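Data block below; observations after.
The values are calculated or read from the model by the stated rules, or taken from the named source; none is laboratory data. Predicted model only: the values in this text are computed from it and were never measured. Here the Cβ is made from the backbone with ideal geometry for all residues, glycine too, and neighbour counts use every protein chain on show.
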Amino acid sequence: MKLHWLIAVVVLLTGCTETRFEAPLGDNIETCDVRWKGLWTDPESNEATAIYVDNECHFILADQPEKGGPLKRVHVPMNYVHVDGKDYLVVADTSLKGVVDVKPPYAIEPAPAKSFYFARYRLRGDSVEITQVNSQRAAQLVIEGKLEGTVSKTANELHVFIRGDRARMLEIVRKQPIFDDEKPTKLVRHKETLDEFEQALLAPPAKKPQ
């Protein structure tokens, strides 16, 4: 489904490759970064998809299930953390219900009530770059004993679970190179509202036969 692209932008899931964290990123978690307000799209994508952050800071994912039809809109509670001049998105896996089927962390018993995805972003004016966690690198750090966690790998899947409390999560993003700086996702902001974006996508009404 097209919303997969939006999820990739938000939490940067890459199919069966993922890294989840046991705790949120520190204690100073905000529910709004006003710089995100507006309509965002990927200039390299031809899909009718967008991220819209409204005046109340609701983070809304939108896509067009059927060409010429209305947008499907889903609100995803998003959190923002600012550490040492760098900005991070934090989203709980439970917040993605209704958007995508996110199973409990792989091979973790008992399964936690929730786990978290992190991404780092760099927002300047009307453009933003979002950088995902490099799961292969995170897995190697676990194997080397530099991070506490588990790694589950098969031919086609890689599941990494990083353990620790909120303070440990802060220490990890400060000291460990877990983000893939070479492959950021780039978005641009548009002036129109989500309603205006939708209107431009709607098919014109069929003409009645004369």
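What the table below lists for this structure:
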{"read-out": "Single condition R120 does not satisfy, out of (1) at pLDDT 85 or above; (2) more than 19 Å from L170 (Cβ to Cβ); (3) among the basic types (K, R)", "value": "(2)"}
{"read-out": "Boolean, A139 is of a type in the set (G, A, S), out of contact with any helix residue (DSSP H, G or I) (no Cβ under 9 Å at 6 or more places or on another chain) and assigned to a loop (DSSP other than H, G, I, E, B)", "value": "no"}
{"read-out": "Residue in the stretch 29-45 that is nearest to L61 (Cα to Cα), counting only those that are acidic (D, E) and touching a residue at least 60 places away in the same chain (Cβ under 8 Å)", "value": "D42"}
{"read-out": "Subset of the stretch 119-140 (residues that are buried (at least 21 other Cβ atoms within 10 Å of the Cβ) and farther than 30 Å from V34 by Cα)", "value": "A138, A139"}
{"read-out": "Where E56 falls short, out of the listed (1) under 30 Å from A200 (Cα atoms); (2) in a loop (DSSP other than H, G, I, E, B); (3) in contact (Cβ under 8 Å) with a residue 40 or more places away in the chain", "value": "(3)"}
{"read-out": "Subset of the stretch 153-182 that is free of Cβ contacts under 8 Å to residues at least 60 places away in the same chain and surrounded by fewer than 10 Cβ atoms within 10 Å (Cβ to Cβ) - its residue that is farthest from R73 (Cα to Cα)", "value": "K175"}
{"read-out": "Condition met for L187 (in a helix (DSSP H, G or I), in contact with a strand residue (DSSP E or B) (Cβ under 9 Å, 6 or more places away or on another chain), surrounded by 20 or more Cβ atoms within 10 Å (Cβ to Cβ) and of a type outside the set (D, E, K, R))", "value": "no"}
{"read-out": "Hey, L194 surrounded by 12 or more Cβ atoms within 10 Å (Cβ to Cβ), of a type in the set (A, V, I, L, M, F, W, C) and over 25 Å from L25 (Cβ atoms) or not", "value": "yes"}
